Amino acid sequence: MKYQHWNLRRPAAPAARRALEESGLSPLCAAILSSRGLDGPDKAAQFLSSGPERFHDPFLLKDMDKAVERIRRSIGAHELICVYGDYDVDGITATCLLTEALAWQGGEVVSYIPDRTEEGYGLNPGAVTRLADQGVRLIVTVDCGITADDEVEFARSLGVDVVVTDHHHCKDKLPDAVAVVDPRRDDCPYPFPELAGVGVALKVAQALVPPQARETVFLRFGELAAIGTVADVMRLTDENRSLVRMGLELLGRTQRPGLRALLREAGLDPGSLPTAVTIGYGLAPRINAAGRMEQAMVALELLLTRDEERGEALAHTLCRLNRERQAIELDIYEQCAALLEARPQLAAPAIVLAGEGWHQGVVGIVASRLAEKYSCPAFMICLEHGQGKGSCRSFGGFNLFAALESCAHLLEGYGGHEMAAGFTILEENIPAFREAVCRLVTLRTGGEPMESVIDVDAEIEHCSQLTAPQVESLSQLEPFGTGNPKPVFLLRGGCVLSCCDVGGGRHLKIKLRRDGVVLDAIFFSANCAACSVSAGDRLDVIFTPQINEFRGNRTVQLQLCDLRPAPTRAQLEQELFQRLREGEDLSRWEAGLLLPSRQDFARLWRFLEHNCVGGWMEAGPSLLRQAAKQPDGRTAYGRTLVCLHVMGDRGLIHLEQDQLHLCRPENKVDLEQAAMMRTLRRLLEEER
């Protein structure tokens, strides 16, 4: 099994954690927030607040005034307006939101989402021509348009104005539209550039009404904004945190028949409050499946319909499309995995694969799976008649948009984010593109292999902390996602009481014991053989705690993120001693392992007196092993190392190369005044 790199966050000062607990937060919440830099009650309260007061003025967005003026003019003149979206969840929810919002304001509105395969992403001349022929005089883009320079110019030539609303990265030149509303514009003063496309659409809808009516707009459309924001993997901080948290509450009582039916299909229990996980793993894949399978308008209709029976039928259709998508995705993934296994040189430092007959709607998901499996960025290109349409996914923080910018001379077009992007390319340019991408990745990594890194927020010092009320308190930190990931904890030295494969051998279930507490753990997509785990092993595990409900019982379960063999007690204590000598702070639990008692010092002194012949003895591993043996048969390496260090510090012993000399000072020696003892006492007292 390939272990991830565990990045244990440096613990905050104990005083900061105490202050958070005194402000009313649970110890687990306080540990998480303080480790993430929210180390004061004011900072924590600012982060946790999630009301409408966190929403910024929509007119802070550059060109919003121009966009609103042109839309109002169209509404007043009864011009036909088209809301032109994208075929992913963000684009579909944004299309629904702005279509309904403009109609609510009295506009005559139609919606358009291009076919992924036939038309591709964004505005295209064919669609613009058809819309102009229908009488459309204003196109408002959502979640697209920021790179549509030529298409905007073409629309103007047909007498159609364009208002661009988008959230993707901008190129140096912006489209010459009536208005370009994008929080990522270099000249945009909006304080939070991380809005999704649907978030920008919501801002447009709010800008069209008086300030006192903006909350009403959110109450009408907030669940759509939450779905698109989570599905597009936007940062769930600042305004997005409020938008999603409040939107999830609206989703739980949505009046949209299609959404209610889709929630049931996704397995949400009646009366349960949806979470970001409900969207990410339940709703988003089903809505996305429509766009991936060239039927995005089915998903749009599901959101727009007010008919219960139609909503049920459309929900069933989305689920069927999702199953079809999964089958196609698996087939392409297995093809690519087999190729990479046969030719491993193609999997480093970046994966760039091209193939004919691949379904363009699913290669982005395949790229994501390959990036995770092979720990490098992945670029998948669908070929047809010498043209390639590509989707790429990042790994290790590699900036895809910047990479595509660097390769622009090889591309016909590109767009997207740092983590996910799309591009078009001529088949003849693919070898040069592969070489350029690999060179960029090598420059980024220095030639070293990328590794999967997982941030660990805090260490569990005693398993008595893992109670159901404590774990339930972590819900205060939701919604979880980019910028606010699920809490991850470290537990060292858990003893495996039992382990078995479940779910047809696809998952690993473990019972762990530490501190006299027995805990259930589940490790998805792993099994006993892959992890080399058996009863009696000692493991270090990193995990997210959750509540498991079964037959009315609520118990704590650890959802494992990774595991590895625990070092022996001797190895652990020697490592901790070395960290202590180098000035690193230890946790209270770690300091407790090393702090010797008066009896430890007395026992070691008697041992040295007995074994130092003529006041001298050999100082080596044998000395440590013998000196560390305790009367109960256990071995206390850490405390013995501290005792030897302190005795040397206070002049009771003298080490010279491989010899230890026993000294007998005339005056009484206060061992507690040694610097290492003071440090250990401080670490223990500060955590109290």
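Summary of computed values
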{"read-out": "Matching residues in segment 396-413 - criterion: being surrounded by 23 or more Cβ atoms within 10 Å (Cβ to Cβ) and either among the hydroxyl-bearing types (Ser, Thr, Tyr) or in contact (Cβ under 8 Å) with a residue 40 or more places away in the chain (or both)", "value": "PHE398"}
{"read-out": "Residue pairs meeting the criteria (Cβ under 6 Å; at least 6 apart or on separate chains; first under 17 Å from GLU356 (Cα atoms), in segment 315-339; second assigned to a helix (DSSP H, G or I) and open to solvent by 60 Å² or more (accessible area, probe 1.4 Å))", "value": "TYR333/ARG369"}
{"read-out": "Segments classed as helices (runs of 4 or more DSSP H), wholly inside segment 194-306, with at least 1 members that are among the β-branched types (Val, Ile, Thr)", "value": "197-207, 214-231, 238-252, 284-292, 296-304"}
{"read-out": "Pairs where the first residue, in segment 582-599, is over 16 Å from ALA13 (Cβ atoms) and the second is in a loop (DSSP other than H, G, I, E, B) and open to solvent by less than 40 Å² (accessible area, probe 1.4 Å), C-beta under 7 Å, 6+ apart", "value": "TRP589/GLU461"}
{"read-out": "Considering residues of segment 267-283 that are among the hydrophobic types (A, V, I, L, M, F, W, C) and at pLDDT below 90 only, the residue most open to solvent (accessible area, probe 1.4 Å)", "value": "LEU273"}
{"read-out": "GLY361 at positive phi and not in a strand (DSSP E or B)", "value": "no"}
{"read-out": "Qualifying residue in segment 308-319 (condition: at positive phi and not aromatic (Phe, Trp, Tyr))", "value": "no"}
{"read-out": "Residue match in segment 473-484 (condition: part of a strand (DSSP E or B) and open to solvent by 30 Å² or more (accessible area, probe 1.4 Å))", "value": "no"}
{"read-out": "Some residue of segment 410-427 being touching a Cys at 6+ places or on another chain (Cβ under 9 Å), part of a loop (DSSP other than H, G, I, E, B) and on the phi > 0 side of the Ramachandran plot", "value": "no"}
{"read-out": "Unique residue being within 20 Å of GLY361 (Cβ to Cβ) and either modelled with pLDDT under 95 or in a strand (DSSP E or B) (or both) when the list is ILE454, ILE381", "value": "ILE381"}
{"read-out": "All helices (runs of 4 or more DSSP H) inside segment 1-102 with 1 or more residues being open to solvent by 10 Å² or more (accessible area, probe 1.4 Å) and closer than 30 Å to VAL556 by Cα", "value": "14-22, 27-35, 41-48"}
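For every residue, the table says whether it meets (1) in contact (Cβ under 8 Å) with a residue 40 or more places away in the chain; (2) out of contact with any helix residue (DSSP H, G or I) (no Cβ under 9 Å at 6 or more places or on another chain); (3) of a type outside the set (D, E, K, R); (4) not in a loop (DSSP other than H, G, I, E, B).
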{"residue": "LEU519", "(1), (2), (3), (4)": "yes, no, yes, yes"}
{"residue": "ALA530", "(1), (2), (3), (4)": "yes, yes, yes, yes"}
{"residue": "VAL533", "(1), (2), (3), (4)": "no, yes, yes, no"}
{"residue": "ILE542", "(1), (2), (3), (4)": "yes, yes, yes, yes"}
{"residue": "ILE547", "(1), (2), (3), (4)": "yes, no, yes, yes"}
{"residue": "CYS561", "(1), (2), (3), (4)": "yes, yes, yes, yes"}
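The values are calculated or read from the model by the stated rules, or taken from the named source; none is laboratory data. What you see is a predicted model, and the numbers here were worked out from it, not measured in a lab. All Cβ positions, glycine included, derive from the backbone under ideal geometry; neighbour counts span all protein chains shown. Heavy atoms of the whole protein, side chains included, go into the accessibility calculation; ligands, DNA and RNA do not. Shrake-Rupley method; radii C 1.70, N 1.55, O 1.52, S 1.80 Å.
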